[in-house]
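Below is one structure, written out as C-alpha cells, with a few remarks after it.
The values are calculated or read from the model by the stated rules, or taken from the named source; none is laboratory data. As the structure is a prediction and not an experimental result, all values here were calculated from the model. For neighbour counting, all protein chains shown are included, and Cβ atoms are generated from backbone atoms with ideal geometry for every residue, glycine included. Calculation scope for accessible area: heavy atoms of the full protein, side chains included, ligands and nucleic acids excluded. Shrake-Rupley method; radii C 1.70, N 1.55, O 1.52, S 1.80 Å.
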Amino acid sequence: MSSRNLVRSPVSCSVANNGCFTSNTCRSRNYYQHIHSTNLQSLQVDWKFLPRKLRKSTQRNTSFSTQRKLVPRCSSDLSTSCREEVPNYLAVNVLQDQSNTTQLAARKVLVILNPNSGFRSTRDVFYKKVQLKLRLSGFMMEVVETAYAGHAKVLASTVDLNKCPDGIVCVGGDGIVNEVLNGLLGRDDFEVAIRLPIGIIPAGSDNSLVWTVLGIKDPVSAAIALAKGGFTPIDVFAVKWIQAGVSHFGLTASYYGFVADVLQLSENFRLQLGPFRYVAAGLLKFLSLPQYRFEVEYLSLSPGRNPELKPLTEKSHEQLSGDGKVRRGRIEDSWITRRGEFLGIFVCNHFCKPARGLLSPVIAPKAQHDDGSLDLILVHGSGRLKLFCFFIAYQLCWHLLLPFVEYVKVKQVKIRPIGNTHNGCGVDGELLRGEGKTEWQCSLLPAQGRLLGRHPDALE
C-alpha cells in the first residue's frame, strides 16, 4: 500500500447545528499517522542492490512522503471543528483563536432577541450570522424572543442569575438594552445584578451605545468581540420623576424638548416606517414647532475631579453667574439655575455617536462613558431658524460654537417643564411620560455597569 492510497481513505462528515459528527468510517489522526509510518517502513529496501540513479530517486521520494502532513477532513481531537464543511461566512480567526474551547469552561448566557427591532431582520441576523460563531467560541445560549414591549425587562428581572452567570446578550437596538438594564436594577438583588455584564448584537433602529463605547457597527464584529472576551466598565445614570418617586435607568442619554416630542410622535409610525419613523416625525414636528419652556438647575462638576476638564473661563463666569467677580469656588459648589425657552436639553453619559448616518456626528465630544460625570447641552431659544442652524451645525460637529448653545460638565441636573410644554422625557430611545406638574432629576449611580467586549483600541 502506498502513501497516496492512505490520503484517499474514505472519510465522511455530517454537519449539524452544534458542529461536526464523524461516522464509523472516520478515523482519528493518530490512526492514519500510525498506518502511514508502518507502510513507509515496509517500503524500505536494501538500496545497495539498486542502480545509483534509481537509489537517489527512491530516497528523495521517501523523504518527501515522510515530511508530508496528513490533514483529515474531520479531527477526533476537536469534535466541534470541521474546517472543510464550515460555511464560508464564518470568520477564520474566530475558529483559530477558539479552537481549544472544549478544554475551557463554557460561558453560559441568556440571549434576548427582539424580533420587531429595526427592519424586523433580527432573526436572520442572529441565527444566520451570529449563533454559530458564538457556539464555536464556547457559549452555551438560551435564546428567548420578546413577545411585547417591556418583555425584556420582565425577563431580566425574573431570570435566575445562576443560569446565565456570564451575562445577558441583547439582539436589537438601544431600547432592548435599556429594558434589560432596568430589569436588572429593579431586582431585589440589584447590587449583584448590576455586575452581570450585558452583551450587544446591533440589529435595531439605533445602536449608538455599542458603536460609541465599543466601536462596533455590525453584528459579525459584535460576535467576534464577544468571542474574544473582556469587559468594559460604564457609568449608569438614573432619571427620577420626583413627584411619582419613579426612577428609570440609562446608559446613553436623556433628552427633553424637541427631541423628546419627536420620539413620542414617532411611535405612531413604528410599524409602517421602522427606523425612518424618526425622520418623518421630525419633519412633521418641525413644521408645527411649538415653544418649549423649562427651568433647569444643575450642579457643575469640579475641574479637580476630572484632570482633562479645563477650568471655567471668564466668559463662563459671566454666563453662569452674571457677575465676573464671583469666585470660581462659589460657582462649583452651588446650583446654577436657567429659566426660559429651550429648543432642546441633552444630558449625555458618553459622546453619543449615531450608528446610522453619513457623518457620524457627536453631540457631547467631551463625554466619556466611565468618567464619573454627565455632560449637559442646553440649546437656548425658539423658532425654526435656530433649530435648523443647530442641526446643520451638529452634522458638521460645529454646534458647540453656536452662541445659543451651552455645554457644561455636571454632577446632577433638575429639569421642570413650564406651562403647556411637553413634559415627556426620552431615555436611550424609550419615552417616559409625565403627568401634570413634572420634575425630572438626573444623577449618576455610585456603581458602574459592565458591557461584554472591549474596544479594539483598548485591546491594542
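Every test in (1) surrounded by 15 or more Cβ atoms within 10 Å (Cβ to Cβ); (2) within 26 Å of the chain's Cα centre (by Cα); (3) of a type in the set (A, V, I, L, M, F, W, C) is passed by residue 258 save one, and that test is (2).
Scan segment 421-439 and tell me whether some residue there is part of a loop (DSSP other than H, G, I, E, B), free of Cβ contacts under 8 Å to residues at least 40 places away in the same chain and buried (at least 19 other Cβ atoms within 10 Å of the Cβ). Checked segment 421-439: at least one residue is part of a loop (DSSP other than H, G, I, E, B), free of Cβ contacts under 8 Å to residues at least 40 places away in the same chain and buried (at least 19 other Cβ atoms within 10 Å of the Cβ).
For the structure I just gave you, tell me whether residue 269 is of a type outside the set (D, E, K, R) and crowded, with 21+ Cβ neighbours inside 10 Å. Here the answer is no, as residue 269 does not meet what is asked.
Conditions (1) closer than 21 Å to residue 337 by Cβ; (2) touching a His at 6+ places or on another chain (Cβ under 7 Å); (3) polar (S, T, N, Q), marked per residue:
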{"position": "388", "(1), (2), (3)": "no, no, no"}
{"position": "397", "(1), (2), (3)": "no, no, no"}
{"position": "404", "(1), (2), (3)": "yes, yes, no"}
{"position": "409", "(1), (2), (3)": "yes, no, no"}
{"position": "414", "(1), (2), (3)": "yes, no, no"}
{"position": "418", "(1), (2), (3)": "yes, no, no"}
{"position": "429", "(1), (2), (3)": "no, no, no"}
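Among the residues making up segment 88-113, those that are modelled with pLDDT of 50 or more and either open to solvent by 40 Å² or more (accessible area, probe 1.4 Å) or in a helix (DSSP H, G or I) (or both) are 104, 105, 106, 107, 108.
Within segment 257-277, does at least one residue satisfy the condition of being small (Gly, Ala, Ser) and without any contact (Cβ under 8 Å) to a residue 60 or more places away in the chain?
Quick first cut of segment 257-277, residues small (Gly, Ala, Ser) only: 257, 260, 266, 274.
From the residues that got through so far, the ones that are without any contact (Cβ under 8 Å) to a residue 60 or more places away in the chain too are 266.
Checking segment 257-277: at least one residue is small (Gly, Ala, Ser) and without any contact (Cβ under 8 Å) to a residue 60 or more places away in the chain.
Contact annotation: residue pairs with Cβ atoms under 9 Å, 6 or more positions apart or on different chains, pairing a residue in segment 142-160 that is more than 8 Å from residue 112 (Cβ to Cβ) and open to solvent by 30 Å² or more (accessible area, probe 1.4 Å) with a partner that is part of a loop (DSSP other than H, G, I, E, B) and hydrophobic (A, V, I, L, M, F, W, C), are 142/164.
Taking the criterion of being more than 18 Å from residue 250 (Cβ to Cβ) and among the hydrophobic types (A, V, I, L, M, F, W, C), would at least one residue in segment 195-208 satisfy it? Yes: segment 195-208 contains one or more residues that are more than 18 Å from residue 250 (Cβ to Cβ) and among the hydrophobic types (A, V, I, L, M, F, W, C).
Tell me which residues, restricted to segment 135-150, are within 16 Å of residue 108 (Cα to Cα) and outside any helix (DSSP H, G or I). Give the derivation first.
Step one: list which residues in segment 135-150 are within 16 Å of residue 108 (Cα to Cα), which gives 135-144.
The answer is 137, 138, 139, 140, 141, 142, 143, 144.
Please specify each residue of segment 118-134 satisfying the condition of being open to solvent by less than 90 Å² (accessible area, probe 1.4 Å) and not in a loop (DSSP other than H, G, I, E, B). 122, 124, 125, 126, 130, 131, 132, 133, 134 - these are the residues of segment 118-134 that are open to solvent by less than 90 Å² (accessible area, probe 1.4 Å) and not in a loop (DSSP other than H, G, I, E, B).
With respect to (1) modelled with pLDDT of 90 or more; (2) open to solvent by less than 70 Å² (accessible area, probe 1.4 Å), the lone exception for residue 291 is condition (2).
Can you pull out every residue in segment 378-398 that is under 26 Å from the mean Cα position of the chain (by Cα) and either under 23 Å from residue 425 (Cβ atoms) or polar (S, T, N, Q) (or both)?
Step one: list which residues in segment 378-398 are under 26 Å from the mean Cα position of the chain (by Cα), which gives 391, 394-397.
If the condition is that a residue be under 26 Å from the mean Cα position of the chain (by Cα) and either under 23 Å from residue 425 (Cβ atoms) or polar (S, T, N, Q) (or both), then 391, 394, 395 are the ones that fit.
The condition of being more than 30 Å from residue 451 (Cα to Cα) and surrounded by fewer than 19 Cβ atoms within 10 Å (Cβ to Cβ) holds for residue 401.
The number of residues in segment 123-146 that are of a type in the set (Lys, Arg) and closer than 9 Å to residue 227 by Cα comes to 1. Kindly establish whether residue 375 is part of a loop (DSSP other than H, G, I, E, B) and either of a type in the set (D, E, K, R) or touching a Cys at 6+ places or on another chain (Cβ under 9 Å) (or both). So residue 375 fails the test.
Listed here are the residues, each with its yes/no results for (1) under 28 Å from residue 164 (Cβ atoms); (2) out of contact with any strand residue (DSSP E or B) (no Cβ under 8 Å at 6 or more places or on another chain).
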{"residue": "191", "(1), (2)": "yes, yes"}
{"residue": "201", "(1), (2)": "yes, no"}
{"residue": "211", "(1), (2)": "yes, no"}
{"residue": "215", "(1), (2)": "yes, yes"}
{"residue": "218", "(1), (2)": "yes, no"}
{"residue": "232", "(1), (2)": "yes, no"}
{"residue": "238", "(1), (2)": "yes, no"}
{"residue": "255", "(1), (2)": "no, no"}
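Filtering 203, 193 for residues that are at pLDDT below 90 and not aromatic (Phe, Trp, Tyr) leaves a single hit, 203.
Filtering 388, 351 for residues that are surrounded by fewer than 17 Cβ atoms within 10 Å (Cβ to Cβ) and not acidic (Asp, Glu) leaves a single hit, 388.
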